[in-house]
Each structure stands twice: as structure tokens, then as C-alpha cells.
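Visitor: Structure incoming, see below.
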């Protein structure tokens, strides 16, 4: 039986629509049946990756990064029309026997149903509810950052930027023994998130400034500058932010050299060098899903909307009107 599909597309910068399958050439008229090594997945939930998807929605992906920023199952091209997203959980309807009826995570845009190669799916552990599993891609980003700069017992660590990525980093750091972890943000309301995660909280002006390691995730110049200021001599900043087409200025002519500071990037598109011989991308995502076997992560899901509301939700997130951490999209009755 043919079943129509619908997907969220950014039609032009600042304007998104839910598009029926036949309206754009990237979407086939119907899914049909999976063949060979493919699987048909009915979407249960997806989530908006606030930072990256806001840049895509607003048309702020630099031309030089069009190829690098393509999502695995992206439709169309930047700046639009483009179908973008990568935090989706669904149930396999047709496919290999070991997957049928199972909940899976996929790096797929917001869409009611989709067909992908079975190897693109990662099983959601039975102990992880699908509602929480949408965080897997963000926890994977945080996990990779900790692989890029592993904390050591006794380290003094700040996480600058208490958005979803920064909060996931803090949640993982809270599991390490002997660390001092402080979540730093300009929004005093994020203190409640820090308390729930079991870490400290500070306004940037009052943050402890003797850090061995700082993870920066505010996506602002001020946040990155403050991250450097918080370091003790020989300390390191790991920058998880992506700034799109925004230029960033740093005070590298001041204390940067005298304190022998280090600044490095972390990006989830590649596995940290020290782990590439042991983990594949699928292995890393599976590990992230396993880490979500903890109700603590539910505090990071701060909003939920129906799929049909996604154009308005995305506009609100991209403009800053709709605040929060993870905004989840539910697909019940969305066909």
C-alpha cells in the first residue's frame, strides 16, 4: 500500500513549510516497500538542533561550507529549498527481520516516514524511551568533545554556554569522580538545569577563573573570549560552537601566549583521533544512546509540539522568541 509522506522544508531563508511528497523532486510520491538492505521507518519523534538548524533556517550557512554541512539525508541545497535535520527516532515498519517493530535512531530530517539503508539505523535500547532518544545526536557531540579533551581526576572545568550541547557536556562530566564542574551562562534560569545535573553554576562575571579545561558552547564571541579568560596557565579551551558566517575576534595578543593557552575545535562529523581505531561512527552513536539510560537527561527536554506546528516552532526558535533547550516534535496522527 502506498502511503504519502510529508516533510519540513526551509523554502527560503526565514520561511519553512510542511511539504507533501510530490511537491519537491527530492521526495518520491510514495514510499512503497523496502527492498534489499533498506528499511521503512515511521517517525515517532524528532528534535530541533537549535544552533545549526537556526543557521540553516536563516540562510546563514557559508557558501564555503555547503558541502561540509550537508546532513546525511538532506534534501535540496543551501540556502533553499532544503530539507534538514538529524535527530529522529522512529519504528521500523518494513525491513530486515531483526529491525521490524524496533525503535531506531536515524540522522534524518523531520519527515513522517522515510526509507533509508538499514545500516543507517541504530537500535534504541529497550531501557531508553523513544521520547528521550532524540537527544542521542547531541549526547554524541558531547561524548566526542570529551574524547577530544579527556578530563582528568582533579581537573577544574567550566562549560560556557548552558544550551543543549553545553548541558549535555555538563551531564556527562557530572559522572566523573573528583572534578569541579561549573556551568556558566548569562541566563540565571539555567541555574536550575545545573542543579538538576549535579554541577555548579555561575554568571560569566563570577565564574571561577583557574580552570584546567573549558568547553565552550555558547556560539558567541563573548563566550569564547570569556572561556580563554577562565583558563589557568597551560589550560585548554575546546570549542563546540559553530558560528556560521559570523567572524569572531579573540584577544590572542594579550594573555594567550604568556599563559601558554590552547584553543582547539571539536566537531561531531569525525571521531576524535585517539578513538578512530576503536570506534566507528555507528559505534559512537550506539554508545551515546546507551548513555541515555538515565532519566536525568529528561530535564533537557523543555518543549514539545506536534509536527504540523513545526514551521511556526522553527521560526520561533530561529528568531530567539522560543527559548529552551531541546524542543521535541511528536508525529502521532501526522500522516
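The values are calculated or read from the model by the stated rules, or taken from the named source; none is laboratory data. Fair warning: this is a prediction, and the values are worked out from it, not measured in the lab. In this analysis, Cβ positions are derived from the backbone assuming ideal geometry, glycine residues included, and neighbour counts consider all displayed protein chains.
Visitor: Among the residues of segment 233-249, is there at least one that is assigned by TED's automatic domain parsing to the domain that holds residue 192, farther than 21 Å from residue 144 by Cα, modelled with pLDDT under 95 and surrounded by 15 or more Cβ atoms within 10 Å (Cβ to Cβ)?
Guide: No, segment 233-249 contains no residue that is assigned by TED's automatic domain parsing to the domain that holds residue 192, farther than 21 Å from residue 144 by Cα, modelled with pLDDT under 95 and surrounded by 15 or more Cβ atoms within 10 Å (Cβ to Cβ).
Visitor: Here is a further query. The conditions are (1) surrounded by fewer than 17 Cβ atoms within 10 Å (Cβ to Cβ); (2) within 15 Å of the chain's Cα centre (by Cα), and residue 288 fails exactly one of them. Which is it?
Guide: (1)
Visitor: Here's a check for you: in segment 60-100, which residue that is within 18 Å of residue 138 (Cβ to Cβ) and not in a loop (DSSP other than H, G, I, E, B) is nearest to the chain's Cα centre (by Cα)?
Guide: The extreme case among them is 88.
Visitor: Where the second residue is surrounded by 14 or more Cβ atoms within 10 Å (Cβ to Cβ) and the first is without any contact (Cβ under 8 Å) to a residue 24 or more places away in the chain and lies in segment 295-308, which pairs have Cβ atoms under 7 Å and are six or more apart or on separate chains?
Guide: none
Residue-by-condition table, conditions (1) assigned by TED's automatic domain parsing to the domain that holds residue 296; (2) not in a loop (DSSP other than H, G, I, E, B):
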| site | (1), (2) |
| --- | --- |
| 104 | yes, yes |
| 109 | yes, no |
| 115 | yes, yes |
| 119 | yes, yes |
| 128 | yes, no |
| 142 | no, yes |
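Visitor: Just the residues that are free of Cβ contacts under 8 Å to residues at least 60 places away in the same chain and touching a strand residue (DSSP E or B) at 6+ places or on another chain (Cβ under 7 Å), please, taken from segment 196-216.
Guide: Correct list: 199, 200, 201, 202, 204, 207, 208, 210, 211, 214, 216.
Visitor: Also: Has segment 147-160 got at least one residue that is closer than 24 Å to residue 275 by Cβ, in a helix (DSSP H, G or I), in the same structural domain as residue 216 (by TED's automatic domain parsing) and in contact (Cβ under 8 Å) with a residue 40 or more places away in the chain?
Guide: yes
Visitor: Tell me, yes or no, whether segment 250-266 has at least one residue that is on the phi > 0 side of the Ramachandran plot and touching a residue at least 24 places away in the same chain (Cβ under 8 Å).
Guide: Among the residues of segment 250-266, at least one is on the phi > 0 side of the Ramachandran plot and touching a residue at least 24 places away in the same chain (Cβ under 8 Å), which makes the answer yes.
Visitor: If you don't mind, there's one more thing I want to ask. Name the single residue, out of those in segment 225-245 being within 20 Å of the chain's Cα centre (by Cα) and without any contact (Cβ under 8 Å) to a residue 60 or more places away in the chain, that is nearest to residue 71 (Cα to Cα).
Guide: 243
Visitor: Can you say whether residue 91 is touching a strand residue (DSSP E or B) at 6+ places or on another chain (Cβ under 8 Å), assigned by TED's automatic domain parsing to the domain that holds residue 124 and surrounded by fewer than 18 Cβ atoms within 10 Å (Cβ to Cβ), as far as the supplied structure shows?
Guide: Judged against the criteria, residue 91 is a match.
So that you can scan it fast, the table gives a plain yes or no per residue for (1) closer than 23 Å to residue 165 by Cβ; (2) touching a residue at least 60 places away in the same chain (Cβ under 8 Å); (3) buried (at least 21 other Cβ atoms within 10 Å of the Cβ):
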| residue | (1), (2), (3) |
| --- | --- |
| 52 | yes, yes, no |
| 56 | yes, no, yes |
| 74 | yes, no, no |
| 77 | no, no, no |
| 84 | yes, yes, yes |
| 102 | no, no, no |
